[in-house]
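The structure that follows is given in the form of structure tokens.
The values are calculated or read from the model by the stated rules, or taken from the named source; none is laboratory data. None of the values given here were measured: they were computed from a predicted structure. Positions of Cβ are backbone-derived with ideal geometry, glycine not excepted, and every protein chain shown enters the neighbour counts. The area values use the complete protein model at the heavy-atom level, side chains included, leaving out ligands, DNA and RNA. Shrake-Rupley method; radii C 1.70, N 1.55, O 1.52, S 1.80 Å.
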Amino acid sequence: MIKKIIQCFFIFSFLISTQVFCADIKIKAKTELNFDKLMQNVLNEASKQKLFQVEFTQSSFSMLRNKVTESSGLLYIKKPVSFRYEILKPRNELYVSNGKDFWKYIESLKHAQYLKNSAQELGFINILTNLAQIKKYYFVSEWTDEEAKKLNHSANMSSLESDIPPEKNNDYILLKLVPKGDKQQKVLYARVQVKTGLIQELRIVQLNGNRIRLVFSNYSLRPISDDVFNFNPPQGIAVDKM
């Protein structure tokens, strides 16, 4: 009799465990389905944005120097490849490309660099100019606190140094982006507005431990002249062609 009771107990426990396991799988599958559907909606909205101007603040952490630097400026995007990334504070720096020519210009040093094709040091620009094609360049998943737990990140850490995502909000989708081919970036995190497909925050974790956090605000969809994406070096400055 006792043996039968024990057998029944184990069978009952097994059935309960199986039901719980199946329920967890269903919840996970439903969550992934909802994320994929929402992600596709965001990409559809992003594909409608052909050009924009936006203000940005940038925080950069140097692992080697253990130092944080702050800057701010304006970003102009004209899809599919033109951009103008202009730092206004603390000093003027300009990174501009029309899709064929890329220039870097630091006014205070009276120095310009000319590079063919794209700017490798501004790899994240590709996300802003081609968000609708993001799956070609990144493995995309939901940004959760899973990575932060692995790294033992605490809630007291700054947003720049932490992998902890912002609080969930129906107005935004949180993305984790693992590069498919980039040899400098380890992972990127993005907070994207669902209604417009415009990126509000971007965190970049590089393989060498350096980190960048960009926050975008005051988007404008007004027309942008093509002249904005061209650069002619001022007279009397040094120009390096690489």
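How about segment 32-52: which of its residues are open to solvent by less than 80 Å² (accessible area, probe 1.4 Å) and assigned to a loop (DSSP other than H, G, I, E, B)?
S47, Q49 - these are the residues of segment 32-52 that are open to solvent by less than 80 Å² (accessible area, probe 1.4 Å) and assigned to a loop (DSSP other than H, G, I, E, B).
Right, another one. If I filter segment 59-70 for residues that are surrounded by 16 or more Cβ atoms within 10 Å (Cβ to Cβ), under 20 Å from the mean Cα position of the chain (by Cα) and not polar (S, T, N, Q), do I get at least one hit?
Yes; the residues of segment 59-70 include at least one that is surrounded by 16 or more Cβ atoms within 10 Å (Cβ to Cβ), under 20 Å from the mean Cα position of the chain (by Cα) and not polar (S, T, N, Q).
For V239, only one of the following conditions fails: (1) out of contact with any Leu (no Cβ under 9 Å at 6 or more places or on another chain); (2) within 27 Å of V68 (Cα to Cα). What is its number?
For V239, the failing item is (2).
Here is a further query. Answer yes if at least one residue in segment 96-106 is among the charged types (D, E, K, R), in contact with a Leu (Cβ under 8 Å, 6 or more places away or on another chain), within 19 Å of F52 (Cβ to Cβ) and surrounded by 20 or more Cβ atoms within 10 Å (Cβ to Cβ), and no otherwise.
no
Further question on the same structure: Mind listing whichever residues of segment 117-161 are hydroxyl-bearing (S, T, Y), over 13 Å from the mean Cα position of the chain (by Cα), surrounded by 13 or more Cβ atoms within 10 Å (Cβ to Cβ) and within 30 Å of K104 (Cβ to Cβ)? Show your work before the answer.
Narrowing segment 117-161 to residues hydroxyl-bearing (S, T, Y): 118, 129, 137-138, 141, 144, 154, 158-159.
Next, only the ones that are over 13 Å from the mean Cα position of the chain (by Cα) stay: 118, 144, 154, 158-159.
Filter again for surrounded by 13 or more Cβ atoms within 10 Å (Cβ to Cβ), leaving 118, 144, 159.
Across segment 117-161, the qualifying residues are S118, S159.
Just checking, how many residues over segment 188-242 are small (G, A, S) and closer than 21 Å to G73 by Cβ?
Filtering segment 188-242 down to residues small (G, A, S) leaves 190, 197, 209, 217, 220, 225, 236, 238.
Okay, now just the ones that are also closer than 21 Å to G73 by Cβ, so 190, 217, 220, 225.
Result for segment 188-242: 4.
To continue, here is another question. I'm trying to understand the selection: among the residues of segment 165-180, which are more than 13 Å from the chain's Cα centre (by Cα) and either modelled with pLDDT of 95 or more or open to solvent by 50 Å² or more (accessible area, probe 1.4 Å) (or both)?
If the condition is that a residue be more than 13 Å from the chain's Cα centre (by Cα) and either modelled with pLDDT of 95 or more or open to solvent by 50 Å² or more (accessible area, probe 1.4 Å) (or both), then E167, K168, N169, N170, D171, Y172, K180 are the ones that fit.
Let me ask something else about it. Out of Q200, Q193, which single residue is touching a residue at least 12 places away in the same chain (Cβ under 8 Å), more than 18 Å from F61 (Cβ to Cβ) and open to solvent by less than 50 Å² (accessible area, probe 1.4 Å)?
Going through Q200, Q193 in turn, just one is touching a residue at least 12 places away in the same chain (Cβ under 8 Å), more than 18 Å from F61 (Cβ to Cβ) and open to solvent by less than 50 Å² (accessible area, probe 1.4 Å): Q200.
Residues are listed down the side, and each one gets a yes or a no for (1) within 27 Å of N98 (Cβ to Cβ); (2) of a type in the set (S, T, N, Q); (3) in contact (Cβ under 8 Å) with a residue 60 or more places away in the chain; (4) outside any strand (DSSP E or B):
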position: E167; (1), (2), (3), (4): no, no, no, yes
position: I204; (1), (2), (3), (4): yes, no, yes, no
position: R213; (1), (2), (3), (4): no, no, yes, no
position: P233; (1), (2), (3), (4): yes, no, yes, yes
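Find the residue count for segment 138-165, including only residues that are touching a Pro at 6+ places or on another chain (Cβ under 7 Å) and part of a loop (DSSP other than H, G, I, E, B).
Within segment 138-165, the subset touching a Pro at 6+ places or on another chain (Cβ under 7 Å) is 138, 143-145.
Within this subset, residues satisfying the condition of being part of a loop (DSSP other than H, G, I, E, B) are 143-145.
Matching residues across segment 138-165 total 3.
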